[in-house]
Amino acid sequence: MNKVRMNVYLDESLKKYVEEQAEFYGMSLSAFVSMCVAEHKKQNEAINVLDNLVDELKKKGCANDEAKQ
C-alpha cells in the first residue's frame, strides 16, 4: 500500500484522546488514526450493503418499513 503524508487539525481534547488511545493500544499516532479511518470506511460500506439489501427485499415484497409485532 502506498502511503502519503497528511496534516490535519484536531480540537485539543480530541488530540489528547487520540494520543491516549494510541498509547493504550501500543500504536503510533499514525497507525491509530489509519486504523480508525479504515474501520469507519468498512462500517460505512457495510451500512451501504445493508441499505441495498433492504431496497432489494422491498422490491420483491419481502420487507416493509414497519417492524412486525
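Every read-out reported here was derived from the displayed coordinates using simple, explicitly stated rules and does not represent laboratory data. A quick note: this is a predicted structure, and the numbers were derived from the prediction, not measured. So basically every Cβ, Gly included, is an ideal-geometry build from the backbone, and we count neighbours across all protein chains shown.
By how many degrees, between 0 and 90 and to the nearest 10, does the Cα long axis of helix 12-24 differ from the longest principal axis of the chain? So the inclination is approximately 90 degrees.
Among 16-23, 43-50, what's the highest-first ranking by average C-beta atoms within 10 angstrom per residue? Could the numbers behind the result be given before it?
Numbers: 16-23: 13.2, 43-50: 10.0.
Those peptides, ordered most packed to least, come out 16-23, 43-50.
Note on the chain: dipole from Cβ charges, positive end direction compared against 49, 7, 21; the farthest Cα belongs to 49.
Largest first and in whole Å, what are the equivalent-ellipsoid semi-axes of the chain based on the Cα gyration tensor, each being the root of 5 times an eigenvalue? Numbers along the way, then the final one.
Numbers: eigenvalues 295, 46, 22 Å².
Over the Cα atoms of the chain, the semi-axes work out to 38, 15, 11 Å.
Taking the chain as a Gaussian network of alpha-carbon nodes connected by springs under 10 Å, the highest mean-square fluctuation of the residues 58, 42, 15 belongs to 58.
Taking Cα atoms, how many degrees apart are the long axis of helix 29-59 and the longest axis of the chain, rounded to 10 and kept between 0 and 90? It is inclined by approximately 10 degrees.
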